[in-house]
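Notes follow the structure.
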Amino acid sequence: MKRIGVFVCHCGSNIAAVVDVKKVAEEAKSMLGVVYSTDYQYMCSEPGQDVIIKAVKEHNLNRVVVAACSPRLHEPTFRKTLENAGLNPYYVEMANLREHCSWVHPNDKEGATLKSIDLVRKAVAKVNKTVALFPGEIPVEKRCLVIGGGIAGMQTAIDVADMGYEVIILEREATIGGKMAILDKTFPTMDCSACICTPKMVDAAQHPNIKLYTLSELESVGGYVGNFEVTIRKKARYVDMVKCTGCGICEAKCPKKVESEFDYGMGKRPCIYKPFPQAVPNKPMIDPENCRKLKENKCGVCAKVCPTDAVNFEDKDELVTERFGAIVMATGYELYDWKKDFGEYGYGKYPDVIDGLQFERLVNASGPTMGKIKRPSDGEIPQDIVIIKCVGSRSTEKGKTYCSKICCMYTAKHATQILEKNPNANVYIFYMDVRTPGKMYDEFYMRAKEGYGATYLRGQVSKIYQEGKKLIVKAEDTLVGKPVEVKADMVILATAAAAVKDSSEIAQTVGFSYDKDGFFTEAHPKLRPIETNTAGVFLAGTCQGPKDIPETVSQATAAAAKVGALFSKDKMATSPMISYVDEGLCSGCGLCIPVCPYKAIELITIKERVHGGEVERQVANVNAGLCQGCGPCTVACRSGAINLRGFTNQQILAEVDAACQ
Amino acid sequence: MTLKYAYYPGCSLNATGIEYNQSTKAVAKHLGVQLEEIDDWNCCGASAAHNTSHLLSIALPARTLALAEKQGLDVAVPCAACFNRMKAAQVEVRQSKEMKKTINEVIDMEYTARHEVKTLLDVLVNDVGLDKIKESVNRPLTGLKVASYYGCLLVRPPKIMCFDDVEDPMTMDRLVVALGGEPVEWSYKVECCGAGHSTAKPAVGIPMIRDILKNAKLNGANCILTACPLCFLNLDMRQKEAGQLDNNSYQLPVFYFTQFMGLAFGYSAKELCLNKHFVDPVKLLDEKDIFRHPDTRREKA
């Protein structure tokens with residue numbers, strides 16, 4: 001005999017302001033199997049949970065319906081409550097009176113109350129058919145894969161490695177360090193970026209628990225939390241990492257120079273090169289796009305001069321497959337490609353219109369100009385410099401709708417750097433708003449403005465064009481209400497921070513979701529900001545959205561803590577709400593196999609005794625480790641042989657019947 | 001296959017832009033494009049109607065377009081302002097059934113917007129094609145460094161006009177290359193010429209013209225090419241006043257792109273009304289030997 005208790009939550013005023021909760025609780029009493037019903041202001045609170053536990057004991061309840069918010073938010077809470085009350089945790093069913101009712105019908109109190117009663121009736125009908133479920137166990141592979149070797153990836157890797165677990169950093173560039181290694185100084189302390197980044201790079205490389213896979217890309221990811229199977233493509237480097245001593249003769253002798261990616265086109269590099277002198281690993285690679293030996297079978301100077309015979313033109317890509325228990329995404333960001341959209345700024349035609357990262361290289365002591373701010377066109381020292389903020393950010397017309405968050409601070413930093421090196425320079429910053437929340441951030445901005453004398457003008461620039469050696473910058477000063485025209489020697493665009501171009505493919509490969517801009521989506525923006533909705537995959541840094549360095553590092557450490565928590569147990573409980581096959585009904589048609597997004601179903605051969613003889617036949621089989629309980633297989637199955645625990649056909653039909661009452 | 005269009009010259013081409021009309025007809029005929037003038041066409045309302053009444057500004061061009069629809073042809077419009085208004089009318093009627101109903105009531109005719117409205121530049125460069133144009137060239141415009149000036153109306157607003165890049169259009173530039181000239185890279189391609197301001201408020205309008213001329217010259221242009229009678233008028237007629245602003249004499253000949261095509265195809269100065277310009281273009285053309293057969297030009301001889 002089912003003895004059901006119904007607990008209706010007010011959710012403060014979220015539900016009770018619209019739905020007549022008392023009436024819902026009253027109506028519930030007449031539903032089949034319900035022996036107790038009550039309402040309470042906050043069901044999820046400790047006293048609220050006590051209400052349930054007490055009622056279970058006093059009224060000898062064996063099934064519970066909580067009519068409150070979305071099960072996404074509090075189903076685990078109430079499962080624990082039932083466990084505390086001595087019941088199987090899966091004996092609870094939730095009716096979503098908040099997201100599904102009060103929030104969407106705020107102006108129809110009567111209708112919402114009726115709908116709430118129906119929702120509760122459905123939940124009661126379903127819980128009537130609920131059976132006890134028991135979680136399974138899977139082993140945990142205590143190795144962590146960190147995808148991306150920027151400051152976020154390095155920090156996570158070091159923290160996880162310090163906990164005693166093995167970590168692999170997967171980095172597609174030839175060196176770790178990411179964007180931070182490119183920067184000159186960091187706001188608001190103006191400490192040298194390389195001075196804090198390069199020691200971290202060395203720490204990561206030298207840590208006994210960390211292995212670096214540079215120049216490597218993710219090929220495929222299989223498996224599930226605790227047991228990911230990851231295939232990595234280690235790209236041909238054409239340099240033997242063991243033989244090479246990093247002496248640098250090859251770089252010096254390479255006859256062909258091309259634009260340096262690390263310097264964002266501000267400087268040149270040879271075709272066998274390290275991205276920058278402090279690169280980790282500190283060994284060169286050959287750029288197959290430009291190397292004459294690889295393309296035309298000419299030259300080969302690097303191989304001739306190499307004292308250790310480390311150059312290997314025959315090098316090939318290599319695929320390796322390894323197992324990991326957790327994956328941390330730290331793939332970072334890139335600058336929004338303004339050149340295709342911003343015709344008013346010249347579509348990138350004017351050499352002296354540069355972006356923020358290009359400026360970082362110009363002002364960097366180890367950059368192509370040794371830190372002298374020279375304009376790209378003729379190498380002259382620019383006197384009048386215009387900085388334009390929000391290029392591609394906060395725009396509904398073109399570019400990105402979001403605020404890129406870091407630009408207000410780094411433009412103030414750029415202004416400070418320019419005026420420190422050349423106090424007579426004129427720096428004009430065009431802005432929409434100045435947003436500098438953060439410890440010592442607004443003080444930093446005020447110092448750039450009032451201490452160093454950068455001129456802030458409110459208004460977006462409408463046009464830039466070249467007139468002789470000068471760039472004419474036309475804009476409106478919206479505070480004065482007049483057009484302004486600045487004759488500038490150089491223009492720096494604070495372009496939007498965007499997700500890396502292939503972020504969506506990376507997310508699809510690993511198997512979790514991303515937003516419209518390509519940034520990775522967290523499981524819950526407030527309560528689970530480090531996790532993705534795929535168990536065992538965590539986020540760190542700007543792959544989730546624009547962030548500054550302190551924020552990135554905090555999140556990276558948080559991700560490491562999550563990995564540590566996962567690795568702290570040898571076995572992991574799995575959700576029992578997965579599919580199972582009734583072999584007696586299964587005809588082995590295999591229709592369920594292609595619909596399964598997790599590749600969790602396969603056909604197996606079973607032996608059966610029929611009429612005294614033994615026959616072999618094929619049936620579907622669900623891998624409990626891979627199944628995520630999503631349910632398409634149950635729909636595809638013609639014979640109704642596959643059922644989803646917790647959402648069985650019986651339970652769903654009971655709900656439908658209740659809804660049609 | 002001959003290309004056939006309903007032709008809407010608009011008021012300008014019968015008054016200040018006779019050169020445009022004349023050269024258009026010559027060039028179209030030369031390329032085998034049939035232009036059938038729309039019977040009983042009316043003013044598009046460009047300069048004033050949209051300031052007065054939105055409905056009027058749509059209804060005026062819609063009436064002409066409805067007449068063109070009876071001819072069953074796509075419409076070719078030389079004037080950038082007329083093109084702008086007609087395209088706006090077409091888009092509004094296409095987008096809203098209500099607007100369509102209202103317009104049909106106002107003009108007392110059925111206008112379904114099923115035909116395309118195209119600027120003449122689009123028709124000649126994209127429909128006829130640069131290959132065919134190249135074939136017709138027998139006097140390549142060697143030595144002409146051209147600032148292709150599109151003005152503000154030909155490409156804006158981009159969602160309505162759907163014609164070329166809004167900041168850096170290239171249609172005319174590609175045409176110049178096909179005709180043997182050399183387009184210059186410059187920054188005022190799509191700036192406003194000041195339009196009506198140069199008459200009503202010269203203090204505002206004339207500097208705008210000056211800026212365009214200055215930038216063209218600064219980037220090495222020796223002439224300007226337009227596709228708009230109002231731009232042409234402003235740049236050609238007020239060049240002296242613009243020059244006086246900074247004690248300069250620009251002397252930059254301005255051409256309609258159709259005149260340019262006519263020149264390259266071998267038409268005479270008179271046939272193209274080159275004698276009607278304020279800034280004498282013939283001097284430049286003589287200097288560059290444009291009127292002579294390429295084989296007998298000075299640098300060849």
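The values are calculated or read from the model by the stated rules, or taken from the named source; none is laboratory data. Computed from a predicted structure; not experimentally measured. Backbone-built Cβ (ideal geometry, glycine too); neighbour counts: all protein chains shown.
Test A:ARG617 against the stated conditions and say whether it is among the charged types (D, E, K, R), more than 30 Å from A:GLY392 (Cα to Cα) and surrounded by fewer than 21 Cβ atoms within 10 Å (Cβ to Cβ). Break it down into steps so the answer makes sense when it comes.
Values: among the charged types (D, E, K, R): yes; more than 30 Å from A:GLY392 (Cα to Cα): yes; surrounded by fewer than 21 Cβ atoms within 10 Å (Cβ to Cβ): yes.
Judged against the criteria, A:ARG617 is a match.
List, please: which pairs have Cβ atoms under 7 Å, are six or more places apart or on different chains, and start with a residue in segment B:162-182 that is within 13 Å of B:THR226 (Cα to Cα) and within 14 Å of chain A (Cβ to nearest Cβ) and end with one that is of a type in the set (Phe, Trp, Tyr) and part of a loop (DSSP other than H, G, I, E, B)?
Listed pairs, sorted by first residue: B:PRO169/B:TYR150.
Yes or no: A:GLY399 under 26 Å from A:SER193 (Cα atoms), part of a loop (DSSP other than H, G, I, E, B), away from every other protein chain (no Cβ under 14 Å) and at pLDDT below 95?
Numbers: under 26 Å from A:SER193 (Cα atoms): no; part of a loop (DSSP other than H, G, I, E, B): yes; away from every other protein chain (no Cβ under 14 Å): yes; at pLDDT below 95: yes.
Judged against the criteria, A:GLY399 is not a match.
So if I check each of B:ALA15, B:ALA46, B:ALA26, which one is out of contact with any strand residue (DSSP E or B) (no Cβ under 9 Å at 6 or more places or on another chain) and surrounded by 23 or more Cβ atoms within 10 Å (Cβ to Cβ)?
Details: B:ALA15 fails: surrounded by 23 or more Cβ atoms within 10 Å (Cβ to Cβ); B:ALA26 fails: surrounded by 23 or more Cβ atoms within 10 Å (Cβ to Cβ).
Only one candidate qualifies: B:ALA46.
Kindly indicate whether A:GLU360 is within 22 Å of A:PRO270 (Cα to Cα), out of contact with any strand residue (DSSP E or B) (no Cβ under 6 Å at 6 or more places or on another chain), touching a residue at least 24 places away in the same chain (Cβ under 8 Å) and away from every other protein chain (no Cβ under 14 Å). Steps first, answer last, please.
Details: within 22 Å of A:PRO270 (Cα to Cα): yes; out of contact with any strand residue (DSSP E or B) (no Cβ under 6 Å at 6 or more places or on another chain): yes; touching a residue at least 24 places away in the same chain (Cβ under 8 Å): yes; away from every other protein chain (no Cβ under 14 Å): yes.
Yes; evaluated as a whole, the condition is true for this residue.
One residue is enough: does segment A:333-353 have a residue meeting the conditions in a strand (DSSP E or B), within 14 Å of another protein chain (Cβ to nearest Cβ) and in contact with a strand residue (DSSP E or B) (Cβ under 6 Å, 6 or more places away or on another chain)? Break it down into steps so the answer makes sense when it comes.
Our first condition is that a residue be in a strand (DSSP E or B); within segment A:333-353, this holds for A:333-335, A:353.
If we keep only those that are within 14 Å of another protein chain (Cβ to nearest Cβ) too, we end up with A:353.
Within this subset, residues satisfying the condition of being in contact with a strand residue (DSSP E or B) (Cβ under 6 Å, 6 or more places away or on another chain) are A:353.
Checking segment A:333-353: at least one residue is in a strand (DSSP E or B), within 14 Å of another protein chain (Cβ to nearest Cβ) and in contact with a strand residue (DSSP E or B) (Cβ under 6 Å, 6 or more places away or on another chain).
For the subset of segment A:458-470 comprising residues that are in contact with a helix residue (DSSP H, G or I) (Cβ under 8 Å, 6 or more places away or on another chain) and within 11 Å of chain B (Cβ to nearest Cβ), which member is surrounded by the fewest Cβ atoms within 10 Å (Cβ to Cβ)? Break it down into steps so the answer makes sense when it comes.
Going through segment A:458-470, the residues in contact with a helix residue (DSSP H, G or I) (Cβ under 8 Å, 6 or more places away or on another chain) turn out to be A:461-465, A:467-468.
Those left that are additionally within 11 Å of chain B (Cβ to nearest Cβ): A:462-465, A:467-468.
On the way: A:SER462: 12, A:LYS463: 18, A:ILE464: 25, A:TYR465: 21, A:GLU467: 15, A:GLY468: 9.
Of everything passing the filter in segment A:458-470, A:GLY468 is surrounded by the fewest Cβ atoms within 10 Å (Cβ to Cβ).
Which of the residues belonging to segment B:187-208 are away from every other protein chain (no Cβ under 14 Å) and either under 17 Å from the mean Cα position of the chain (by Cα) or small (Gly, Ala, Ser) (or both)? Talk me through it step by step, then tell me what you get.
So in segment B:187-208, the residues away from every other protein chain (no Cβ under 14 Å) come out as B:193-203, B:205-206.
Once the filter is applied, which keeps residues that are away from every other protein chain (no Cβ under 14 Å) and either under 17 Å from the mean Cα position of the chain (by Cα) or small (Gly, Ala, Ser) (or both), segment B:187-208 yields B:CYS193, B:GLY194, B:ALA195, B:GLY196, B:SER198, B:ALA200, B:ALA203, B:GLY205.
Would you check if there is a residue in segment A:450-457 being farther than 25 Å from A:TYR345 by Cα, out of contact with any Pro (no Cβ under 9 Å at 6 or more places or on another chain) and either away from chain B (no Cβ under 14 Å) or assigned to a helix (DSSP H, G or I) (or both)?
Step one: of segment A:450-457, the residues farther than 25 Å from A:TYR345 by Cα are A:450-453.
Within this subset, residues satisfying the condition of being out of contact with any Pro (no Cβ under 9 Å at 6 or more places or on another chain) are A:450-451.
Checking which are either away from chain B (no Cβ under 14 Å) or assigned to a helix (DSSP H, G or I) (or both) leaves us with A:450-451.
Yes.
Determine, yes or no, whether A:VAL491 is aliphatic (A, V, I, L, M), within 14 Å of chain B (Cβ to nearest Cβ) and surrounded by 15 or more Cβ atoms within 10 Å (Cβ to Cβ).
Values: aliphatic (A, V, I, L, M): yes; within 14 Å of chain B (Cβ to nearest Cβ): yes; surrounded by 15 or more Cβ atoms within 10 Å (Cβ to Cβ): yes.
Considered against the rule, which asks whether it is aliphatic (A, V, I, L, M), within 14 Å of chain B (Cβ to nearest Cβ) and surrounded by 15 or more Cβ atoms within 10 Å (Cβ to Cβ), A:VAL491 comes out as yes.
What is the number of the single condition among (1) of a type in the set (A, V, I, L, M); (2) part of a loop (DSSP other than H, G, I, E, B); (3) in contact with a strand residue (DSSP E or B) (Cβ under 6 Å, 6 or more places away or on another chain) that A:VAL434 does not meet?
(3)
Can you find a residue in segment B:217-232 that is of a type in the set (S, T, N, Q), within 14 Å of chain A (Cβ to nearest Cβ) and either in contact with a helix residue (DSSP H, G or I) (Cβ under 6 Å, 6 or more places away or on another chain) or surrounded by fewer than 23 Cβ atoms within 10 Å (Cβ to Cβ) (or both)?
Residues of segment B:217-232 of a type in the set (S, T, N, Q): B:219, B:222, B:226.
Restricting the remaining residues to those that are within 14 Å of chain A (Cβ to nearest Cβ) gives B:219.
Restricting the remaining residues to those that are either in contact with a helix residue (DSSP H, G or I) (Cβ under 6 Å, 6 or more places away or on another chain) or surrounded by fewer than 23 Cβ atoms within 10 Å (Cβ to Cβ) (or both) gives B:219.
Scanning segment B:217-232, I find at least one residue that is of a type in the set (S, T, N, Q), within 14 Å of chain A (Cβ to nearest Cβ) and either in contact with a helix residue (DSSP H, G or I) (Cβ under 6 Å, 6 or more places away or on another chain) or surrounded by fewer than 23 Cβ atoms within 10 Å (Cβ to Cβ) (or both), so the answer is yes.
Restricting the search to segment A:537-572, which residues are farther than 30 Å from A:SER404 by Cα and in contact with a strand residue (DSSP E or B) (Cβ under 6 Å, 6 or more places away or on another chain)? Steps first, answer last, please.
Just the residues of segment A:537-572 that are farther than 30 Å from A:SER404 by Cα, to begin with: A:564-572.
Correct list: A:LEU566, A:LYS571, A:MET572.
Inspect segment A:471-478 for any residue being touching an Asp or Glu at 6+ places or on another chain (Cβ under 6 Å), over 30 Å from A:THR574 (Cα atoms), away from every other protein chain (no Cβ under 14 Å) and not in a loop (DSSP other than H, G, I, E, B) and give the result as yes or no.
no
Of all residues in segment A:238-262, how many are in contact (Cβ under 8 Å) with a residue 24 or more places away in the chain and either of a type in the set (S, T, N, Q) or within 17 Å of A:ARG172 (Cα to Cα) (or both)?
Residues meeting the conditions: 6.
Just checking, how many residues over segment B:192-216 are buried (at least 22 other Cβ atoms within 10 Å of the Cβ) and either at pLDDT below 90 or part of a loop (DSSP other than H, G, I, E, B) (or both)?
Residues flagged as buried (at least 22 other Cβ atoms within 10 Å of the Cβ) and either at pLDDT below 90 or part of a loop (DSSP other than H, G, I, E, B) (or both) within segment B:192-216 amount to 3.
In contact with a Leu (Cβ under 8 Å, 6 or more places away or on another chain), buried (at least 21 other Cβ atoms within 10 Å of the Cβ) and away from every other protein chain (no Cβ under 14 Å): does that describe A:ALA412? Don't jump to the end; show me each part of the working.
Working: in contact with a Leu (Cβ under 8 Å, 6 or more places away or on another chain): no; buried (at least 21 other Cβ atoms within 10 Å of the Cβ): yes; away from every other protein chain (no Cβ under 14 Å): yes.
Taking the combined requirement at face value, the residue does not satisfy it.
So, restricting to helices (runs of 4 or more DSSP H) that lie completely within segment A:143-260, which ones have at least 3 residues that are crowded, with 22+ Cβ neighbours inside 10 Å?
On the way: elements: A:151-162, A:193-206, A:249-253.
In segment A:143-260, the matching helices (runs of 4 or more DSSP H) lie at A:151-162, A:193-206.
Would you be able to tell me the number of residues in segment A:40-84 that are out of contact with any strand residue (DSSP E or B) (no Cβ under 8 Å at 6 or more places or on another chain) and of a type in the set (Gly, Ala, Ser)?
The qualifying residues number 1.
Please work out which residue is farthest from A:TYR431 (Cα to Cα), limiting yourself to segment A:492-501 and to residues that are in a strand (DSSP E or B) and among the aliphatic types (A, V, I, L, M).
At the first step, the residues of segment A:492-501 found to be in a strand (DSSP E or B) are A:492-495, A:497-499.
Still in the running and among the aliphatic types (A, V, I, L, M): A:492-494, A:497-499.
Values: A:ILE492: 12, A:LEU493: 11, A:ALA494: 10, A:ALA497: 16, A:ALA498: 19, A:ALA499: 23 Å.
Filtering segment A:492-501 for residues that are in a strand (DSSP E or B) and among the aliphatic types (A, V, I, L, M), the one farthest from A:TYR431 (Cα to Cα) comes out as A:ALA499.
Do we have B:LEU124 as part of a helix (DSSP H, G or I) and either of a type outside the set (Val, Ile, Thr) or at pLDDT 95 or above (or both) here?
Numbers: part of a helix (DSSP H, G or I): yes; either of a type outside the set (Val, Ile, Thr) or at pLDDT 95 or above (or both): yes.
The answer is yes for B:LEU124.
Only strands (runs of 3 or more DSSP E) wholly contained in segment B:1-78 count here; list those with 2 or more residues that are among the charged types (D, E, K, R) and touching a Gly at 6+ places or on another chain (Cβ under 8 Å).
Details: elements: B:3-7, B:33-37, B:75-77.
Here the list is empty.
Please specify each residue of segment A:2-53 satisfying the condition of being among the acidic types (Asp, Glu) and either under 15 Å from A:ALA95 (Cα atoms) or crowded, with 18+ Cβ neighbours inside 10 Å (or both).
Residues of segment A:2-53 that are among the acidic types (Asp, Glu), as a first pass: A:20, A:26-27, A:39, A:46, A:50.
Listed by number, the residues that qualify are A:ASP20, A:GLU27, A:ASP39.
Would a scan of segment A:245-267 turn up a residue that is small (Gly, Ala, Ser), under 27 Å from A:MET180 (Cβ atoms) and touching an Asp or Glu at 6+ places or on another chain (Cβ under 6 Å)?
Yes, segment A:245-267 has at least one match.
Which condition number in (1) in a helix (DSSP H, G or I); (2) of a type outside the set (Val, Ile, Thr); (3) out of contact with any Asp or Glu (no Cβ under 9 Å at 6 or more places or on another chain) is the one that A:ALA112 fails?
That leaves (3) as the condition not met.
If I go through segment B:145-158 residue by residue, how many of them are in contact (Cβ under 8 Å) with a residue 24 or more places away in the chain, within 11 Å of chain A (Cβ to nearest Cβ) and over 14 Å from the mean Cα position of the chain (by Cα)?
Within segment B:145-158, residues that are in contact (Cβ under 8 Å) with a residue 24 or more places away in the chain, within 11 Å of chain A (Cβ to nearest Cβ) and over 14 Å from the mean Cα position of the chain (by Cα) number 0.
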